[in-house]
1. Hey, does segment 149-160 have a residue that's over 23 Å from Ala30 (Cα atoms), surrounded by fewer than 24 Cβ atoms within 10 Å (Cβ to Cβ) and in contact with a helix residue (DSSP H, G or I) (Cβ under 7 Å, 6 or more places away or on another chain)?
2. On the given criteria, is Ala204 at pLDDT below 85, among the hydrophobic types (A, V, I, L, M, F, W, C), surrounded by fewer than 24 Cβ atoms within 10 Å (Cβ to Cβ) and more than 22 Å from the chain's Cα centre (by Cα)?
3. Which helices (runs of 4 or more DSSP H) does segment 147-240 wholly contain that include 2 or more residues that are of a type in the set (D, E, K, R)?
4. Inside segment 369-385, can you point out the residues that are touching a helix residue (DSSP H, G or I) at 6+ places or on another chain (Cβ under 6 Å), assigned to a helix (DSSP H, G or I) and open to solvent by 10 Å² or more (accessible area, probe 1.4 Å)?
5. Would you please list the contacts, defined by Cβ atoms under 8 Å and residues six or more apart or on different chains, that run from a residue in segment 145-172 that is touching a residue at least 60 places away in the same chain (Cβ under 8 Å) to a residue that is open to solvent by 10 Å² or more (accessible area, probe 1.4 Å) and among the hydroxyl-bearing types (Ser, Thr, Tyr)?
6. What tally of residues in segment 116-162 results from selecting those that are over 23 Å from Gln191 (Cβ atoms) and over 19 Å from the mean Cα position of the chain (by Cα)?
7. Please verify whether segment 147-157 includes one or more residues that are at pLDDT 90 or above, β-branched (Val, Ile, Thr) and within 22 Å of Ala127 (Cβ to Cβ).
8. Applying the selection to segment 170-223, what residues are touching a helix residue (DSSP H, G or I) at 6+ places or on another chain (Cβ under 7 Å), of a type in the set (Phe, Trp, Tyr) and at negative phi?
Amino acid sequence: MSFVQNFPCFSILSAMFAAILTSAVNGKTARKISIGLTALLTVMSAALLVFLMGTGESYVYVMGHFPAPWGNELRAGELEAGLALLFSIVALGALLGGAQEALDDIDDERENFYFIMIDLMMAANLALVYTNDMFTAYVFVEINTIAACGLILGKYKGVTIAAAVRYMIMSLMGSGMLLLGISFFYSMTGQLLMSNMKEALAVAFANEQFRIPLVITIGMICIGLAIKSALWPFHTWLPAAYGFSTTISAALLSSIVSKGYIIFLMKVVIRVIGLDHFVNSQIVHVLLVFGIIGMIMGSVQAIRQTNLRKMIAYSSVAQIGYIYMGMGMGSLEGMGASIYHIFAHALAKSLMFIAASGLIKACGSASIRDMIGAGYKNKIAALGYVIASFSMVGIPGFAGFASKFLFAKASLADMAIASPVLAALAVSTILNAMYFMKVMLHLYFPLQKEQKEAGVTYQTYKNTAIYVAAVVLLSAANIVVGVCYKPMAEIIFHGLEIFG
(Lines give C-alpha, C1' and ligand atoms only; values in the text may rest on other atoms or scores of the structure.)
Protein backbone atom coordinates (compact mmCIF):
# COMPACT_ATOMS: atom_id res chain seq x y z
CA MET A 1 0.00 0.00 0.00
CA SER A 2 1.29 3.45 -0.94
CA PHE A 3 1.79 5.97 1.89
CA VAL A 4 -0.68 8.34 0.20
CA GLN A 5 -3.43 5.78 0.71
CA ASN A 6 -3.27 6.45 4.45
CA PHE A 7 -4.40 10.05 3.93
CA PRO A 8 -8.17 9.44 4.40
CA CYS A 9 -7.48 8.00 7.85
CA PHE A 10 -4.86 10.66 8.62
CA SER A 11 -7.29 13.42 7.57
CA ILE A 12 -10.03 12.33 9.96
CA LEU A 13 -7.65 11.63 12.85
CA SER A 14 -5.75 14.91 12.38
CA ALA A 15 -9.01 16.87 12.55
CA MET A 16 -10.03 15.02 15.72
CA PHE A 17 -6.59 15.55 17.24
CA ALA A 18 -6.69 19.25 16.32
CA ALA A 19 -10.00 19.57 18.20
CA ILE A 20 -8.36 18.08 21.32
CA LEU A 21 -5.32 20.34 20.97
CA THR A 22 -7.50 23.40 20.38
CA SER A 23 -9.29 22.85 23.69
CA ALA A 24 -6.05 23.47 25.59
CA VAL A 25 -5.02 26.79 24.01
CA ASN A 26 -6.35 30.34 23.78
CA GLY A 27 -8.61 31.62 21.00
CA LYS A 28 -5.95 33.13 18.73
CA THR A 29 -3.83 29.99 18.86
CA ALA A 30 -6.93 27.88 18.27
CA ARG A 31 -7.68 29.89 15.13
CA LYS A 32 -4.12 29.32 13.87
CA ILE A 33 -4.45 25.57 14.54
CA SER A 34 -7.72 25.42 12.57
CA ILE A 35 -6.20 27.32 9.64
CA GLY A 36 -3.16 25.06 9.71
CA LEU A 37 -5.41 22.00 9.84
CA THR A 38 -7.42 23.03 6.78
CA ALA A 39 -4.21 23.82 4.88
CA LEU A 40 -2.85 20.36 5.76
CA LEU A 41 -6.14 18.71 4.75
CA THR A 42 -6.03 20.57 1.43
CA VAL A 43 -2.53 19.26 0.68
CA MET A 44 -3.38 15.67 1.69
CA SER A 45 -6.63 15.65 -0.28
CA ALA A 46 -4.94 17.08 -3.38
CA ALA A 47 -2.14 14.49 -3.16
CA LEU A 48 -4.67 11.67 -2.79
CA LEU A 49 -6.71 12.93 -5.75
CA VAL A 50 -3.62 13.05 -7.98
CA PHE A 51 -2.66 9.52 -6.88
CA LEU A 52 -6.15 8.12 -7.56
CA MET A 53 -6.39 9.85 -10.93
CA GLY A 54 -3.20 7.98 -11.80
CA THR A 55 -4.52 4.59 -10.72
CA GLY A 56 -8.11 5.10 -11.94
CA GLU A 57 -9.37 2.81 -9.17
CA SER A 58 -10.85 3.08 -5.70
CA TYR A 59 -9.53 1.19 -2.70
CA VAL A 60 -10.66 0.07 0.75
CA TYR A 61 -8.69 1.05 3.84
CA VAL A 62 -9.29 -1.38 6.71
CA MET A 63 -9.16 0.35 10.09
CA GLY A 64 -7.15 -1.66 12.63
CA HIS A 65 -6.59 -4.40 10.04
CA PHE A 66 -9.67 -6.32 11.18
CA PRO A 67 -11.57 -7.83 8.23
CA ALA A 68 -15.29 -7.40 7.62
CA PRO A 69 -17.75 -7.66 9.21
CA TRP A 70 -15.88 -6.87 12.46
CA GLY A 71 -13.60 -4.17 11.13
CA ASN A 72 -14.34 -0.62 10.10
CA GLU A 73 -13.60 0.49 6.56
CA LEU A 74 -12.82 3.68 4.72
CA ARG A 75 -13.21 3.75 0.96
CA ALA A 76 -11.54 6.27 -1.33
CA GLY A 77 -11.81 6.96 -5.03
CA GLU A 78 -11.48 10.02 -7.25
CA LEU A 79 -14.90 11.30 -6.19
CA GLU A 80 -14.22 11.00 -2.46
CA ALA A 81 -10.81 12.66 -2.78
CA GLY A 82 -12.31 15.46 -4.87
CA LEU A 83 -15.03 16.10 -2.29
CA ALA A 84 -12.49 16.10 0.54
CA LEU A 85 -10.41 18.63 -1.41
CA LEU A 86 -13.52 20.77 -1.97
CA PHE A 87 -14.41 20.78 1.75
CA SER A 88 -10.82 21.63 2.70
CA ILE A 89 -10.55 24.56 0.28
CA VAL A 90 -13.91 25.96 1.37
CA ALA A 91 -12.98 25.66 5.05
CA LEU A 92 -9.62 27.34 4.46
CA GLY A 93 -11.26 30.19 2.55
CA ALA A 94 -13.95 30.62 5.22
CA LEU A 95 -11.42 30.71 8.06
CA LEU A 96 -9.31 33.29 6.26
CA GLY A 97 -12.23 35.41 5.06
CA GLY A 98 -14.04 35.48 8.40
CA ALA A 99 -10.99 35.67 10.67
CA GLN A 100 -11.30 39.35 11.60
CA GLU A 101 -15.03 39.09 12.26
CA ALA A 102 -14.43 36.06 14.48
CA LEU A 103 -11.98 38.06 16.58
CA ASP A 104 -14.41 40.96 16.86
CA ASP A 105 -17.72 39.14 17.45
CA ILE A 106 -16.87 36.01 19.46
CA ASP A 107 -16.33 36.40 23.18
CA ASP A 108 -12.79 35.59 24.31
CA GLU A 109 -13.90 32.83 26.67
CA ARG A 110 -15.80 31.09 23.86
CA GLU A 111 -13.28 31.57 21.07
CA ASN A 112 -11.38 28.29 21.45
CA PHE A 113 -14.71 26.42 21.83
CA TYR A 114 -15.77 27.87 18.48
CA PHE A 115 -12.69 26.54 16.72
CA ILE A 116 -13.10 23.15 18.42
CA MET A 117 -16.48 22.96 16.69
CA ILE A 118 -14.86 23.81 13.35
CA ASP A 119 -12.28 21.02 13.76
CA LEU A 120 -14.98 18.52 14.74
CA MET A 121 -17.12 19.62 11.80
CA MET A 122 -14.24 18.92 9.42
CA ALA A 123 -13.61 15.50 10.98
CA ALA A 124 -17.30 14.60 10.72
CA ASN A 125 -17.71 15.60 7.09
CA LEU A 126 -14.49 13.94 5.99
CA ALA A 127 -15.69 10.78 7.73
CA LEU A 128 -19.02 11.00 5.88
CA VAL A 129 -17.08 11.28 2.62
CA TYR A 130 -14.76 8.34 3.28
CA THR A 131 -16.56 5.88 5.56
CA ASN A 132 -17.91 2.58 4.28
CA ASP A 133 -19.77 1.77 7.50
CA MET A 134 -23.35 2.80 8.28
CA PHE A 135 -22.95 2.99 12.06
CA THR A 136 -19.76 5.06 11.80
CA ALA A 137 -21.57 7.37 9.42
CA TYR A 138 -24.42 7.82 11.91
CA VAL A 139 -21.97 8.64 14.72
CA PHE A 140 -20.34 11.35 12.62
CA VAL A 141 -23.75 12.65 11.49
CA GLU A 142 -24.44 13.38 15.17
CA ILE A 143 -21.00 14.93 15.69
CA ASN A 144 -21.74 17.11 12.66
CA THR A 145 -25.07 18.15 14.20
CA ILE A 146 -23.48 19.16 17.50
CA ALA A 147 -20.68 21.01 15.73
CA ALA A 148 -23.21 22.88 13.57
CA CYS A 149 -25.05 24.07 16.68
CA GLY A 150 -21.76 25.30 18.13
CA LEU A 151 -21.05 27.20 14.91
CA ILE A 152 -24.47 28.88 14.99
CA LEU A 153 -23.80 29.94 18.59
CA GLY A 154 -20.53 31.67 17.68
CA LYS A 155 -22.30 35.00 18.13
CA TYR A 156 -23.92 34.25 21.48
CA LYS A 157 -27.06 36.36 21.49
CA GLY A 158 -30.84 35.93 21.47
CA VAL A 159 -31.37 35.37 17.75
CA THR A 160 -28.54 32.85 17.42
CA ILE A 161 -29.66 30.94 20.51
CA ALA A 162 -33.15 30.70 19.00
CA ALA A 163 -31.67 29.67 15.64
CA ALA A 164 -29.53 26.97 17.27
CA VAL A 165 -32.48 25.58 19.23
CA ARG A 166 -34.63 25.51 16.09
CA TYR A 167 -31.82 23.79 14.18
CA MET A 168 -31.32 21.23 16.96
CA ILE A 169 -35.02 20.36 17.14
CA MET A 170 -35.32 19.93 13.38
CA SER A 171 -32.03 18.09 13.13
CA LEU A 172 -32.93 15.66 15.91
CA MET A 173 -36.13 14.82 14.04
CA GLY A 174 -34.00 13.99 11.02
CA SER A 175 -31.53 12.02 13.14
CA GLY A 176 -34.35 9.96 14.62
CA MET A 177 -35.65 9.04 11.19
CA LEU A 178 -32.14 8.21 10.00
CA LEU A 179 -31.36 6.01 13.04
CA LEU A 180 -34.59 4.07 12.62
CA GLY A 181 -33.80 3.55 8.94
CA ILE A 182 -30.29 2.26 9.69
CA SER A 183 -31.68 0.01 12.44
CA PHE A 184 -34.26 -1.47 10.06
CA PHE A 185 -31.58 -2.10 7.43
CA TYR A 186 -29.46 -3.84 10.06
CA SER A 187 -32.37 -5.99 11.22
CA MET A 188 -33.01 -7.10 7.62
CA THR A 189 -29.37 -7.75 6.68
CA GLY A 190 -27.37 -8.27 9.86
CA GLN A 191 -24.65 -6.07 8.32
CA LEU A 192 -23.31 -2.56 8.90
CA LEU A 193 -20.62 -2.29 6.23
CA MET A 194 -22.21 -0.72 3.17
CA SER A 195 -20.89 -3.23 0.64
CA ASN A 196 -22.01 -6.20 2.76
CA MET A 197 -25.38 -4.60 3.35
CA LYS A 198 -25.84 -4.12 -0.40
CA GLU A 199 -25.18 -7.80 -1.06
CA ALA A 200 -27.76 -8.85 1.54
CA LEU A 201 -30.32 -6.35 0.24
CA ALA A 202 -29.78 -7.56 -3.33
CA VAL A 203 -30.86 -11.04 -2.21
CA ALA A 204 -33.89 -9.58 -0.44
CA PHE A 205 -34.89 -7.60 -3.54
CA ALA A 206 -34.41 -10.64 -5.78
CA ASN A 207 -36.58 -12.83 -3.52
CA GLU A 208 -39.09 -9.99 -2.99
CA GLN A 209 -38.54 -10.12 0.77
CA PHE A 210 -39.32 -7.17 3.04
CA ARG A 211 -40.95 -5.38 0.11
CA ILE A 212 -42.99 -2.84 2.07
CA PRO A 213 -40.52 -2.49 4.99
CA LEU A 214 -37.74 -1.73 2.50
CA VAL A 215 -39.72 1.09 0.87
CA ILE A 216 -40.58 2.52 4.29
CA THR A 217 -36.95 2.28 5.41
CA ILE A 218 -35.64 3.98 2.26
CA GLY A 219 -38.24 6.71 2.72
CA MET A 220 -37.28 7.27 6.36
CA ILE A 221 -33.60 7.67 5.53
CA CYS A 222 -34.40 10.07 2.68
CA ILE A 223 -36.70 12.17 4.88
CA GLY A 224 -34.21 12.21 7.75
CA LEU A 225 -31.33 13.45 5.60
CA ALA A 226 -33.60 15.84 3.67
CA ILE A 227 -34.50 17.51 6.98
CA LYS A 228 -30.86 17.79 7.99
CA SER A 229 -29.81 19.21 4.61
CA ALA A 230 -32.73 21.72 4.47
CA LEU A 231 -34.68 20.47 1.47
CA TRP A 232 -37.90 22.46 1.08
CA PRO A 233 -40.23 22.37 3.09
CA PHE A 234 -37.84 21.28 5.88
CA HIS A 235 -35.79 24.46 5.50
CA THR A 236 -37.38 26.59 8.22
CA TRP A 237 -34.28 26.42 10.45
CA LEU A 238 -31.95 27.60 7.68
CA PRO A 239 -32.54 31.38 7.21
CA ALA A 240 -31.87 32.32 10.82
CA ALA A 241 -28.97 29.87 11.16
CA TYR A 242 -27.20 31.30 8.11
CA GLY A 243 -28.44 34.87 8.42
CA PHE A 244 -27.42 35.65 12.01
CA SER A 245 -24.32 33.50 12.55
CA THR A 246 -20.72 34.57 11.89
CA THR A 247 -19.37 34.68 8.35
CA ILE A 248 -17.26 31.57 8.99
CA SER A 249 -20.29 29.70 10.31
CA ALA A 250 -22.56 30.71 7.44
CA ALA A 251 -19.95 29.68 4.87
CA LEU A 252 -19.27 26.33 6.54
CA LEU A 253 -22.91 25.49 7.24
CA SER A 254 -24.05 26.23 3.69
CA SER A 255 -21.07 24.79 1.84
CA ILE A 256 -19.94 21.80 3.90
CA VAL A 257 -22.38 20.70 6.62
CA SER A 258 -25.47 20.39 4.42
CA LYS A 259 -23.38 18.78 1.66
CA GLY A 260 -22.01 16.13 4.01
CA TYR A 261 -25.54 14.85 4.65
CA ILE A 262 -26.31 14.79 0.93
CA ILE A 263 -23.12 12.85 0.17
CA PHE A 264 -24.12 10.30 2.80
CA LEU A 265 -27.56 9.97 1.20
CA MET A 266 -25.94 9.39 -2.19
CA LYS A 267 -23.82 6.66 -0.62
CA VAL A 268 -26.91 4.99 0.79
CA VAL A 269 -28.64 5.18 -2.59
CA ILE A 270 -25.75 3.85 -4.68
CA ARG A 271 -23.62 1.81 -2.28
CA VAL A 272 -26.30 0.29 -0.02
CA ILE A 273 -29.61 0.15 -1.88
CA GLY A 274 -28.41 0.19 -5.47
CA LEU A 275 -29.61 2.82 -7.93
CA ASP A 276 -31.91 0.43 -9.83
CA HIS A 277 -33.68 -0.68 -6.66
CA PHE A 278 -33.93 2.93 -5.50
CA VAL A 279 -35.63 3.86 -8.77
CA ASN A 280 -38.02 0.92 -8.43
CA SER A 281 -39.05 2.11 -4.97
CA GLN A 282 -40.63 5.19 -6.66
CA ILE A 283 -39.13 7.47 -4.00
CA VAL A 284 -37.09 9.16 -6.73
CA HIS A 285 -40.29 10.83 -7.94
CA VAL A 286 -40.81 12.38 -4.51
CA LEU A 287 -37.26 13.75 -4.48
CA LEU A 288 -37.72 15.12 -8.00
CA VAL A 289 -40.96 16.92 -7.13
CA PHE A 290 -39.71 18.42 -3.87
CA GLY A 291 -36.41 19.35 -5.50
CA ILE A 292 -38.19 21.30 -8.25
CA ILE A 293 -40.54 22.98 -5.78
CA GLY A 294 -37.55 23.89 -3.60
CA MET A 295 -35.77 25.46 -6.57
CA ILE A 296 -38.70 27.78 -7.21
CA MET A 297 -39.87 28.49 -3.65
CA GLY A 298 -36.35 29.18 -2.37
CA SER A 299 -35.81 31.73 -5.14
CA VAL A 300 -39.20 33.36 -4.59
CA GLN A 301 -38.46 33.77 -0.88
CA ALA A 302 -34.99 35.13 -1.69
CA ILE A 303 -36.51 37.82 -3.94
CA ARG A 304 -38.67 39.03 -1.04
CA GLN A 305 -35.73 39.62 1.32
CA THR A 306 -34.37 43.05 2.15
CA ASN A 307 -31.44 41.73 4.22
CA LEU A 308 -28.45 40.65 2.12
CA ARG A 309 -27.44 37.69 4.29
CA LYS A 310 -30.99 36.35 4.54
CA MET A 311 -31.35 36.65 0.77
CA ILE A 312 -28.21 34.54 0.35
CA ALA A 313 -29.56 32.07 2.93
CA TYR A 314 -32.84 31.58 1.07
CA SER A 315 -30.85 31.15 -2.12
CA SER A 316 -29.32 28.06 -0.51
CA VAL A 317 -32.79 26.52 -0.23
CA ALA A 318 -33.13 26.85 -4.00
CA GLN A 319 -29.69 25.37 -4.65
CA ILE A 320 -30.39 22.38 -2.38
CA GLY A 321 -33.48 21.86 -4.54
CA TYR A 322 -31.25 21.58 -7.63
CA ILE A 323 -29.24 18.81 -5.99
CA TYR A 324 -32.28 16.79 -4.96
CA MET A 325 -33.83 17.28 -8.39
CA GLY A 326 -30.75 15.64 -9.94
CA MET A 327 -30.98 12.75 -7.50
CA GLY A 328 -34.67 12.44 -8.30
CA MET A 329 -33.87 11.76 -11.96
CA GLY A 330 -32.82 8.28 -10.88
CA SER A 331 -29.78 8.03 -13.16
CA LEU A 332 -26.01 8.27 -12.85
CA GLU A 333 -26.18 11.29 -15.16
CA GLY A 334 -28.53 13.05 -12.74
CA MET A 335 -26.36 12.08 -9.77
CA GLY A 336 -23.29 13.41 -11.57
CA ALA A 337 -25.04 16.71 -12.25
CA SER A 338 -25.98 16.95 -8.57
CA ILE A 339 -22.39 16.33 -7.50
CA TYR A 340 -21.14 18.97 -9.93
CA HIS A 341 -23.68 21.36 -8.42
CA ILE A 342 -22.39 20.50 -4.96
CA PHE A 343 -18.98 21.76 -6.10
CA ALA A 344 -20.48 24.85 -7.75
CA HIS A 345 -22.72 25.76 -4.83
CA ALA A 346 -20.16 25.10 -2.10
CA LEU A 347 -17.56 27.33 -3.72
CA ALA A 348 -19.98 30.08 -4.77
CA LYS A 349 -21.96 30.27 -1.53
CA SER A 350 -18.90 30.37 0.73
CA LEU A 351 -17.48 33.15 -1.46
CA MET A 352 -20.81 34.97 -1.38
CA PHE A 353 -21.05 34.99 2.42
CA ILE A 354 -17.46 36.21 2.72
CA ALA A 355 -18.04 38.90 0.10
CA ALA A 356 -21.26 39.93 1.85
CA SER A 357 -19.38 40.44 5.11
CA GLY A 358 -17.00 42.86 3.37
CA LEU A 359 -19.86 44.74 1.74
CA ILE A 360 -21.74 45.01 5.03
CA LYS A 361 -18.67 46.38 6.79
CA ALA A 362 -18.14 48.93 4.01
CA CYS A 363 -21.75 50.13 4.21
CA GLY A 364 -22.38 49.65 7.93
CA SER A 365 -25.64 47.84 7.20
CA ALA A 366 -26.89 44.48 5.91
CA SER A 367 -29.88 46.07 4.17
CA ILE A 368 -29.82 45.72 0.39
CA ARG A 369 -31.13 49.28 0.10
CA ASP A 370 -27.99 50.52 1.88
CA MET A 371 -25.66 48.76 -0.56
CA ILE A 372 -25.68 51.77 -2.92
CA GLY A 373 -22.16 52.24 -4.22
CA ALA A 374 -20.71 49.40 -2.13
CA GLY A 375 -18.87 48.15 -5.21
CA TYR A 376 -16.78 51.30 -5.14
CA LYS A 377 -16.32 51.24 -1.38
CA ASN A 378 -15.06 47.64 -1.21
CA LYS A 379 -13.94 46.56 -4.65
CA ILE A 380 -12.53 43.15 -3.72
CA ALA A 381 -15.70 42.13 -1.84
CA ALA A 382 -17.89 43.33 -4.72
CA LEU A 383 -15.77 41.36 -7.21
CA GLY A 384 -16.20 38.24 -5.11
CA TYR A 385 -19.96 38.77 -4.95
CA VAL A 386 -20.15 39.24 -8.74
CA ILE A 387 -18.19 36.05 -9.45
CA ALA A 388 -20.32 34.02 -7.03
CA SER A 389 -23.51 35.51 -8.48
CA PHE A 390 -22.49 34.72 -12.04
CA SER A 391 -21.87 31.13 -11.00
CA MET A 392 -25.23 30.75 -9.24
CA VAL A 393 -27.16 32.37 -12.10
CA GLY A 394 -25.38 30.13 -14.60
CA ILE A 395 -23.33 32.50 -16.73
CA PRO A 396 -21.17 30.50 -19.21
CA GLY A 397 -17.61 30.04 -18.00
CA PHE A 398 -18.64 29.71 -14.36
CA ALA A 399 -19.29 26.57 -12.31
CA GLY A 400 -23.06 27.01 -12.07
CA PHE A 401 -23.48 27.00 -15.84
CA ALA A 402 -21.72 23.63 -16.12
CA SER A 403 -23.95 21.99 -13.50
CA LYS A 404 -27.14 23.40 -15.04
CA PHE A 405 -26.02 22.15 -18.44
CA LEU A 406 -25.49 18.69 -16.94
CA PHE A 407 -28.95 18.77 -15.34
CA ALA A 408 -30.53 19.61 -18.70
CA LYS A 409 -28.51 16.93 -20.47
CA ALA A 410 -29.42 14.28 -17.88
CA SER A 411 -33.14 15.10 -18.12
CA LEU A 412 -33.18 14.42 -21.88
CA ALA A 413 -32.49 10.72 -21.24
CA ASP A 414 -36.06 10.40 -19.91
CA MET A 415 -38.60 12.44 -21.85
CA ALA A 416 -41.18 11.95 -19.09
CA ILE A 417 -39.19 14.27 -16.82
CA ALA A 418 -37.47 16.41 -19.45
CA SER A 419 -40.21 19.03 -19.74
CA PRO A 420 -40.67 19.77 -16.01
CA VAL A 421 -36.91 19.74 -15.38
CA LEU A 422 -36.09 22.07 -18.26
CA ALA A 423 -38.97 24.38 -17.31
CA ALA A 424 -37.80 24.45 -13.69
CA LEU A 425 -34.23 25.21 -14.76
CA ALA A 426 -35.42 28.10 -16.94
CA VAL A 427 -37.73 29.61 -14.32
CA SER A 428 -35.24 29.19 -11.50
CA THR A 429 -32.44 30.76 -13.53
CA ILE A 430 -34.61 33.81 -14.25
CA LEU A 431 -35.50 34.11 -10.56
CA ASN A 432 -31.83 33.73 -9.59
CA ALA A 433 -30.91 36.55 -11.93
CA MET A 434 -33.62 38.78 -10.45
CA TYR A 435 -32.35 38.77 -6.88
CA PHE A 436 -28.62 38.48 -7.51
CA MET A 437 -28.58 41.18 -10.17
CA LYS A 438 -30.73 43.47 -8.00
CA VAL A 439 -27.88 43.58 -5.49
CA MET A 440 -25.29 44.06 -8.24
CA LEU A 441 -27.17 47.10 -9.53
CA HIS A 442 -27.01 48.58 -6.05
CA LEU A 443 -23.30 47.80 -5.74
CA TYR A 444 -22.33 49.72 -8.85
CA PHE A 445 -24.85 52.55 -8.69
CA PRO A 446 -22.83 55.64 -9.69
CA LEU A 447 -22.80 58.98 -7.95
CA GLN A 448 -25.33 61.43 -9.33
CA LYS A 449 -24.23 64.61 -11.07
CA GLU A 450 -25.30 66.75 -8.13
CA GLN A 451 -23.30 64.60 -5.72
CA LYS A 452 -20.18 64.84 -7.85
CA GLU A 453 -20.54 68.60 -8.09
CA ALA A 454 -20.92 68.76 -4.32
CA GLY A 455 -17.66 66.83 -3.91
CA VAL A 456 -19.24 63.62 -2.57
CA THR A 457 -17.05 60.51 -2.98
CA TYR A 458 -17.34 56.86 -2.01
CA GLN A 459 -14.93 56.14 0.83
CA THR A 460 -12.81 53.04 0.24
CA TYR A 461 -12.92 50.33 2.91
CA LYS A 462 -9.53 48.77 3.66
CA ASN A 463 -9.54 44.97 3.82
CA THR A 464 -7.04 42.82 5.67
CA ALA A 465 -4.53 40.80 3.63
CA ILE A 466 -6.02 37.45 4.71
CA TYR A 467 -9.51 38.62 3.68
CA VAL A 468 -8.21 39.48 0.21
CA ALA A 469 -6.45 36.10 0.08
CA ALA A 470 -9.70 34.32 0.91
CA VAL A 471 -11.66 36.14 -1.80
CA VAL A 472 -8.94 35.48 -4.37
CA LEU A 473 -8.70 31.78 -3.41
CA LEU A 474 -12.43 31.13 -3.64
CA SER A 475 -12.88 33.31 -6.74
CA ALA A 476 -10.14 31.37 -8.51
CA ALA A 477 -11.70 28.06 -7.44
CA ASN A 478 -15.08 29.15 -8.82
CA ILE A 479 -13.56 30.07 -12.17
CA VAL A 480 -11.43 26.91 -12.38
CA VAL A 481 -14.43 24.64 -11.74
CA GLY A 482 -16.36 26.51 -14.43
CA VAL A 483 -13.62 26.67 -17.05
CA CYS A 484 -12.30 23.14 -16.47
CA TYR A 485 -15.74 21.64 -17.02
CA LYS A 486 -14.63 18.65 -19.07
CA PRO A 487 -11.90 17.24 -16.76
CA MET A 488 -14.08 17.96 -13.72
CA ALA A 489 -17.01 16.09 -15.23
CA GLU A 490 -14.74 13.17 -16.18
CA ILE A 491 -13.48 12.87 -12.60
CA ILE A 492 -17.02 13.00 -11.20
CA PHE A 493 -18.55 10.49 -13.59
CA HIS A 494 -15.62 8.10 -13.40
CA GLY A 495 -15.77 8.38 -9.62
CA LEU A 496 -19.48 7.56 -9.74
CA GLU A 497 -18.85 4.47 -11.86
CA ILE A 498 -16.61 3.00 -9.16
CA PHE A 499 -18.57 4.56 -6.27
CA GLY A 500 -20.84 1.56 -5.71
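The values are calculated or read from the model by the stated rules, or taken from the named source; none is laboratory data. None of these values were measured; they are calculated from a predicted model. As a convention, Cβ positions derive from the backbone with ideal geometry for all residues, glycine included, and neighbour counts pool all protein chains shown. Heads up: the accessible areas ignore ligands, DNA and RNA and are worked out on the full protein's heavy atoms, side chains in. Shrake-Rupley method; radii C 1.70, N 1.55, O 1.52, S 1.80 Å.
1. Yes, the conditions are met somewhere in segment 149-160.
2. Judged against the criteria, Ala204 is a match.
3. Here the list reads 194-206, 211-228.
4. Asp370, Lys377, Ile380
5. Within 8 Å, the pairs are Arg166/Thr236; Met170/Thr236.
6. Within segment 116-162, residues that are over 23 Å from Gln191 (Cβ atoms) and over 19 Å from the mean Cα position of the chain (by Cα) number 11.
7. No - not one qualifying residue is present in segment 147-157.
8. Selection gives Phe184, Phe185, Phe205.
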